[in-house]
Amino acid sequence: MRARLLGAAAVMAAAGLVPGAAAAEPAEEAVSDLGSAEAASPAGVGVGEDGMLTSDGSGPGFSVSRNADGDRIAVPLDAVDKVASGSLDLAEFNVDDPGWEPADPGLSGTAVTVTGEWLDGSAPDVLGVSWVDLDTGESGGPEYFEGATGTLDLEPGGYHLVAMLNDYLDEETYESVFAVQEVVVGDQPTATVVDGTKAVPVGFDLDRDVVADSVMFDAFSYAPGTQEGAWASMWAFPGGDVYAVPTGELSGGRDVGFVMRAGYMNPEGASEAYSYNLFRAGTDGIPGDMVETVHDEDLARLDAEYRTLGADSVFSRMDMAVHPVYDPYAFTSTGEIGLPSARTEFYTADEDLFWEQRGVFPYEEIATLSDWVYRDAGVLEPGSATAAVWNDAPVSVGLENWGQDFLPAMFYRWDEQELLYFSPWMFSTSSGDEAVQTEYLPGEMTLARDGTLVATSDEMGLAVEQSEVGAGRLKVTAAFDRETPWTPLGSRSAASWDFDYDPEANAALPVSVVEFAASGIANGYAQAGAVQDFTLEFAQQPGADDQDCAAMTFEVSFDDGATWTAVPIDREGDTATASVRLPQDAAFASVRFTAADAAGNTVEHETIRSYGIR
């Protein structure tokens, strides 16, 4: 077995509020600004469409917390000590509300002095503390203190303190110690020590040699079965190690424990490519042994084939373990994958875990054109072995999200936001088990009602207040061009949806696309002169009322859409088949489809350079 401890060197997150809100609340706010997939803050941190935080790479990382309003406070690690000392204002680092002014908490309670001791008994560089009142459930923090000691102002009562100690090894690497402990506060000042000398290493003992690519570790005191309470969390890339102080017996009847998510990959020079995506959680305190032994045979195995979309490239791979209680706030990563290539991937298998996957083609910086490929691995069985093919061209228009929960590829009446929302994915793969979201895609979208233009957008995503759109016939058009270094495919897609809108009916609007699979395509190309077999499927967006397909057409072009040829199809219900002989002298195949459902809702969409020919 190879023991692998959790490394820590890039991004920390610590908060006294519910960690799951890190994804949910910002996601809802982002609906009204659909063009901003990631918005760079003055602190150099980006806010993704899914509400998660991403760094622009300008610094060593971030310590992230939430204020009482739920806003994220993202402080660069090299500025945490300046915030703790008061030389920098915490308000400067609010990524959700840059104009926020922190309230003066005043002093009305009892002074509680918290002192942190490092692994060797010395003072840590930074001490962070969150707290929860055992009687009321009220929580607060985190508060950052420079050096070993800080003072909290708490009303009399019993509390759990969740502490995080950090010690900087160099400018980009540090080690962390987590602890959860109890303190009773009376009318007189009191003191407590976070004893890092008792901390034990955190990690996994695996069958293979690995290197850490990213780690998330949470320590918490929650109300049972919830994420309500005090917590400290770290999202880190490889660097220093993580430790935790075993808890004694704590009162309060709370879930006290930890969640760790880790992504590992094979070391450089290994004879084969492999990775591990691991999850572990406990609610009965922090045990004395925090290095879990995990064997390959007890995990689920995915044999992943990574194809290209017509050009050799690289792919950054990430995974998310979705738990029914402990919401993730970021993906863990397992390094870059060369395209084309193959890798054996191991996952923690548990009936409570649902695995979402994504891969990202390289892009220059935040807020630039990028392709994000999403898949669902789902709930995995221990000892199972499954094949998975990534980048399974052809490219076409899609309305399926797979592993991306927000912003979704769909047309939707968002009642909570009082908005109508329209966002097709214009350059998705049409394989049926993956989807591609192209971010920061310039182009044009329009919305018309009964022939009158209502709204336009010059980028992907259109949101309109529901009060502006009454019942009637809606028409949504979308047309987008792109040019990227990672694929020659999908140079242009255009689509038009024409459908009845009833503001009292299903929130998932009655729109569809024609999905298709074509034989003989590998790494984005089919063989010139071959006879290709096609399977077409009338696919409504997820959640829409079921409608039968009433009509469907299929056309191909081998001159980038200058001319089109109708392809005879054999349709039965929602599916159809067709065959096309590919020419010897064409470089690309383009596709165009129309479809109508039994209620009279229609769609037409085309993609130029859906796949290559050679």
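Would you check which residues across the stretch 168-192 are surrounded by 20 or more Cβ atoms within 10 Å (Cβ to Cβ) and of a type in the set (Asp, Glu) and list them?
Answer for the stretch 168-192, where residues must be surrounded by 20 or more Cβ atoms within 10 Å (Cβ to Cβ) and of a type in the set (Asp, Glu): just 175.
Can you spot a residue in the stretch 141-149 that is assigned by the TED database to the domain that holds residue 203, under 13 Å from residue 229 (Cβ atoms), open to solvent by less than 60 Å² (accessible area, probe 1.4 Å) and at pLDDT 85 or above?
Checked against the condition, which is being assigned by the TED database to the domain that holds residue 203, under 13 Å from residue 229 (Cβ atoms), open to solvent by less than 60 Å² (accessible area, probe 1.4 Å) and at pLDDT 85 or above, the stretch 141-149 yields no hits at all.
Here is a list of conditions, (1) within 23 Å of residue 562 (Cα to Cα); (2) outside any strand (DSSP E or B); (3) open to solvent by 10 Å² or more (accessible area, probe 1.4 Å); (4) modelled with pLDDT of 95 or more, and residue 483 meets all of them except one; can you say which number that is?
(4)
The rows are residues; the columns are (1) buried (at least 20 other Cβ atoms within 10 Å of the Cβ); (2) in a loop (DSSP other than H, G, I, E, B); (3) more than 15 Å from the chain's Cα centre (by Cα).
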{"site": "326", "(1), (2), (3)": "yes, yes, no"}
{"site": "329", "(1), (2), (3)": "yes, yes, no"}
{"site": "336", "(1), (2), (3)": "no, no, yes"}
{"site": "342", "(1), (2), (3)": "no, no, yes"}
{"site": "351", "(1), (2), (3)": "no, yes, yes"}
{"site": "362", "(1), (2), (3)": "no, yes, yes"}
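Where the second residue is basic (Lys, Arg) and the first is closer than 9 Å to residue 596 by Cβ and lies in the stretch 541-556, which pairs have Cβ atoms under 9 Å and are six or more apart or on separate chains?
What qualifies is 549/571; 551/571; 552/571.
Checking the structure you have, find out if any residue of the stretch 420-438 is touching a helix residue (DSSP H, G or I) at 6+ places or on another chain (Cβ under 9 Å) and assigned by the TED database to the domain that holds residue 457.
yes
Go through the stretch 443-480 and give me each residue that's touching a residue at least 40 places away in the same chain (Cβ under 8 Å), closer than 22 Å to residue 606 by Cα and open to solvent by less than 30 Å² (accessible area, probe 1.4 Å).
457, 460, 461, 462, 476, 478, 480
Would you tally the residues in the stretch 505-522 being over 20 Å from residue 601 (Cα atoms) and part of a strand (DSSP E or B)?
3
Being open to solvent by 10 Å² or more (accessible area, probe 1.4 Å) and closer than 24 Å to residue 307 by Cβ narrows it down to one residue among 593, 558; which is it?
Result of the check over 593, 558: 558.
Among the residues of the stretch 536-551, which ones are part of a strand (DSSP E or B), open to solvent by 20 Å² or more (accessible area, probe 1.4 Å) and farther than 15 Å from residue 394 by Cβ? Explain how you work it out, then say what you get.
Step one: list which residues in the stretch 536-551 are part of a strand (DSSP E or B), which gives 536-540, 549-551.
So of that shortlist, the ones also open to solvent by 20 Å² or more (accessible area, probe 1.4 Å) come out as 537, 540, 550-551.
Of everything in the stretch 536-551, those that are part of a strand (DSSP E or B), open to solvent by 20 Å² or more (accessible area, probe 1.4 Å) and farther than 15 Å from residue 394 by Cβ turn out to be 540, 550, 551.
Does residue 300 satisfy being open to solvent by 10 Å² or more (accessible area, probe 1.4 Å) and of a type in the set (Gly, Ala, Ser)?
On the way: open to solvent by 10 Å² or more (accessible area, probe 1.4 Å): no; of a type in the set (Gly, Ala, Ser): yes.
Considered against the rule, which asks whether it is open to solvent by 10 Å² or more (accessible area, probe 1.4 Å) and of a type in the set (Gly, Ala, Ser), residue 300 comes out as no.
Please work out which residue is modelled with the highest pLDDT, limiting yourself to the stretch 81-115 and to residues that are of a type in the set (S, T, N, Q) and assigned to a loop (DSSP other than H, G, I, E, B).
Selected residue: 87.
Out of everything in the stretch 204-229 that is outside any strand (DSSP E or B) and among the acidic types (Asp, Glu), what residue ends up being least open to solvent (accessible area, probe 1.4 Å)?
At the first step, the residues of the stretch 204-229 found to be outside any strand (DSSP E or B) are 207-210, 223-228.
Adding the requirement that they be among the acidic types (Asp, Glu) leaves 207, 209, 228.
Details: 207: 51, 209: 73, 228: 105 Å².
Among them, the one singled out is 207.
Tell me which of these residue 182 doesn't satisfy, since it passes every other one: (1) touching a strand residue (DSSP E or B) at 6+ places or on another chain (Cβ under 8 Å); (2) modelled with pLDDT under 95.
Among (1) touching a strand residue (DSSP E or B) at 6+ places or on another chain (Cβ under 8 Å); (2) modelled with pLDDT under 95, the lone unmet condition for residue 182 is (2).
Checking residue 463 against (1) modelled with pLDDT of 95 or more; (2) closer than 18 Å to residue 499 by Cβ, only one condition comes out false. Which one?
The one condition residue 463 does not meet is (1).
Give me the pairs, please: first residue somewhere in the stretch 520-535 and open to solvent by 50 Å² or more (accessible area, probe 1.4 Å), second residue anywhere and outside any loop (DSSP other than H, G, I, E, B), beta-carbon distance under 6 Å, and either six or more positions apart or on two chains.
520/526; 520/532; 531/579; 531/581; 533/579; 535/517; 535/577
Determine, yes or no, whether residue 173 is at pLDDT below 90, in contact with a strand residue (DSSP E or B) (Cβ under 6 Å, 6 or more places away or on another chain) and assigned by the TED database to the domain that holds residue 124. Quick ask: steps written out before the conclusion?
Details: at pLDDT below 90: yes; in contact with a strand residue (DSSP E or B) (Cβ under 6 Å, 6 or more places away or on another chain): yes; assigned by the TED database to the domain that holds residue 124: yes.
In short, yes.
Can residue 610 be described as surrounded by 20 or more Cβ atoms within 10 Å (Cβ to Cβ) and either out of contact with any Ser or Thr (no Cβ under 7 Å at 6 or more places or on another chain) or touching a residue at least 40 places away in the same chain (Cβ under 8 Å) (or both)?
Answer is yes for this residue.
Can you tell me which residue is most open to solvent (accessible area, probe 1.4 Å) among those in the stretch 487-508 that are within 18 Å of residue 391 (Cα to Cα) and touching a Leu at 6+ places or on another chain (Cβ under 9 Å)?
Applying the filter and picking the extreme gives 488.
Among the residues of the stretch 211-225, is any on the phi < 0 side of the Ramachandran plot, of a type in the set (Ser, Thr, Tyr) and in contact with a His (Cβ under 6 Å, 6 or more places away or on another chain)?
Within the stretch 211-225 (the criterion being on the phi < 0 side of the Ramachandran plot, of a type in the set (Ser, Thr, Tyr) and in contact with a His (Cβ under 6 Å, 6 or more places away or on another chain)), the answer is yes, since at least one residue qualifies.
Report yes if some residue within the stretch 248-257 is open to solvent by 10 Å² or more (accessible area, probe 1.4 Å), without any contact (Cβ under 8 Å) to a residue 60 or more places away in the chain and assigned to a strand (DSSP E or B); otherwise report no.
There is at least one residue in the stretch 248-257 that is open to solvent by 10 Å² or more (accessible area, probe 1.4 Å), without any contact (Cβ under 8 Å) to a residue 60 or more places away in the chain and assigned to a strand (DSSP E or B).
The values are calculated or read from the model by the stated rules, or taken from the named source; none is laboratory data. Fair warning: this is a prediction, and the values are worked out from it, not measured in the lab. Because the Cβ atoms are built from the backbone with ideal geometry, glycine has one as well, and the counts that use them run over all protein chains shown. Surface accessibility is based on the protein's heavy atoms, side chains included, excluding ligands, DNA and RNA. Shrake-Rupley method; radii C 1.70, N 1.55, O 1.52, S 1.80 Å.
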